[in-house]
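What follows is a single structure, written as structure tokens, with notes after it.
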Amino acid sequence: PRGLISGINRQRITRTINLAKTTPGTIVIRNEPETIQFPRGVTVSRIQPTHITLLVDELVEKELPVQARTTGSPASGYELGGVVFEPQLIKISGPKAVVGKERLFTAKPIDISGLKSSKTFQVPLELRSALLELMGETVVTANVVIREKTTEKTITDIPVHLTGPESDRKVTLEPSTISVRALLPLSSRGNQAGLIEASVSTEGLSVGTHRVQVKITAPEEIHIIEAVPSAVTVKIGRSLGK
């Protein structure tokens with residue numbers, strides 16, 4: 001009857017497929033009349049399509065790092081110290097055919113032209129079409145570190161100071177000055193030796209001769225490479241008057 005056929009057109013005729021025991025690969029399922037429920041009184045003469053093809057893939061989950069790309073150069077006298085992303089790892093899950101070979105994500109280029117200080121950017125990822133369909137537009141936070149360029153210098157005749165509890169014991173140092181090899185900002189001027197402090201502690205030392213490591217203190221912008229010598233000889237005598 002025409003009314004019955006019209007009713008079928010308004011209904012959502014579905015077929016249930018059990019995937020409980022499926023394994024990765026291509027599965028071809030034949031559409032048989034008895035596999036689809038039709039209203040009583042309807043006789044099925046033909047089903048189109050005759051087959052359903054399913055591509056079953058393994059579900060893969062990964063956490064991948066983000067690779068930075070930059071364009072341009074910082075202002076004169078400055079350099080790129082690095083790019084730190086937040087989050088550092090991005091979690092992705094999807095079919096093995098899409099996700100399996102991915103090793104990292106690449107962010108769109110960041111323009112660092114003329115920068116004199118660190119800056120934060122919101123940067124989209126560059127995703128191929130299959131990943132874009134899976135993940136959607138994805139944006140990460142990029143913390144771009146800009147630092148002043150440095151030069152290596154050797155600073156000599158830095159006096160070594162004594163620290164520790166006050167005492168009337170006689171204390172001598174050999175040598176009493178040291179040299180320091182350091183990386184300093186190109187803009188550094190004047191007496192850099194005055195910016196670097198060297199000290200040794202006499203705390204806990206008894207009368208006699210000791211080899212003590214020198215402690216170096218310097219501003220954050222100065223990177224100490226080494227001190228020469230790194231340790232000095234401390235001679236401690238008896239208290240005066242004894």
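The values are calculated or read from the model by the stated rules, or taken from the named source; none is laboratory data. The shown structure was predicted, so the numbers you read here are calculated from the model rather than taken from an experiment. Neighbour counts are summed over all protein chains in view; Cβ atoms, including those assigned to glycine, are modelled from backbone coordinates with ideal geometry.
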Taking the stated definitions as given, is Thr177 polar (S, T, N, Q), farther than 30 Å from Ser76 by Cβ, assigned by TED's automatic domain parsing to the domain that holds Gly81 and surrounded by 13 or more Cβ atoms within 10 Å (Cβ to Cβ)?
no
Looking at (1) surrounded by 10 or more Cβ atoms within 10 Å (Cβ to Cβ); (2) modelled with pLDDT of 85 or more, which is the one condition that is false for Thr53?
(1)
Hey, can you tell me all the residues within the range 21-59 that are closer than 23 Å to Ser93 by Cα and not β-branched (Val, Ile, Thr)?
Lys21, Pro24, Gly25, Leu54, Leu55, Asp57, Glu58, Leu59
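When the residues of the range 224-242 are filtered to those that are small (Gly, Ala, Ser) and in a strand (DSSP E or B), which remaining residue is modelled with the lowest pLDDT?
Here is the first cut: in the range 224-242, the ones small (Gly, Ala, Ser) are 227, 230-231, 237, 239, 241.
Adding the requirement that they be in a strand (DSSP E or B) leaves 227, 231, 237, 239.
Numbers: Ala227: 96, Ala231: 97, Gly237: 90, Ser239: 76.
Top of the filtered list is Ser239.
Considering only the range 18-30, state which residues are loosely packed, with under 12 Cβ neighbours inside 10 Å and part of a loop (DSSP other than H, G, I, E, B).
Within the range 18-30, the first condition is being loosely packed, with under 12 Cβ neighbours inside 10 Å, and the residues that meet it are 18-23, 25-26, 28, 30.
Within the range 18-30, Asn18, Leu19, Ala20, Lys21, Thr22, Thr23 meet the criteria.
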Taking the criterion of being touching a strand residue (DSSP E or B) at 6+ places or on another chain (Cβ under 6 Å), surrounded by 13 or more Cβ atoms within 10 Å (Cβ to Cβ), of a type in the set (A, V, I, L, M, F, W, C) and more than 26 Å from Ile222 (Cβ to Cβ), would at least one residue in the range 144-152 satisfy it?
no
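Tell me, please, whether a residue that is hydrophobic (A, V, I, L, M, F, W, C), more than 19 Å from the chain's Cα centre (by Cα) and not in a strand (DSSP E or B) can be found in the range 134-157. Can you show your working first?
So in the range 134-157, the residues hydrophobic (A, V, I, L, M, F, W, C) come out as 134-135, 139-140, 142, 144-146, 155.
Retained after the next criterion (residues that are more than 19 Å from the chain's Cα centre (by Cα)): 134-135, 155.
Now restrict to residues that are not in a strand (DSSP E or B): 134-135.
Yes: one or more hits.
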Selection from the range 198-223 of residues of a type outside the set (Val, Ile, Thr), over 9 Å from Val234 (Cβ atoms) and part of a loop (DSSP other than H, G, I, E, B) yields Glu203, Gly204, Ser206, Ala218, Pro219, Glu220, Glu221
Can you find a residue that is assigned to a strand (DSSP E or B) and either at pLDDT 85 or above or farther than 30 Å from Leu186 by Cα (or both) anywhere in the range 31-42?
no
Do we have any residue at all in the range 105-125 that's modelled with pLDDT under 90 and part of a strand (DSSP E or B)?
no
Selection within the range 74-99 - surrounded by 12 or more Cβ atoms within 10 Å (Cβ to Cβ), out of contact with any strand residue (DSSP E or B) (no Cβ under 8 Å at 6 or more places or on another chain) and either on the phi > 0 side of the Ramachandran plot or part of a loop (DSSP other than H, G, I, E, B) (or both)
Ala75
Pick from Thr106, Thr35: which is in contact with an Asp or Glu (Cβ under 9 Å, 6 or more places away or on another chain) and surrounded by 10 or more Cβ atoms within 10 Å (Cβ to Cβ)?
Thr106
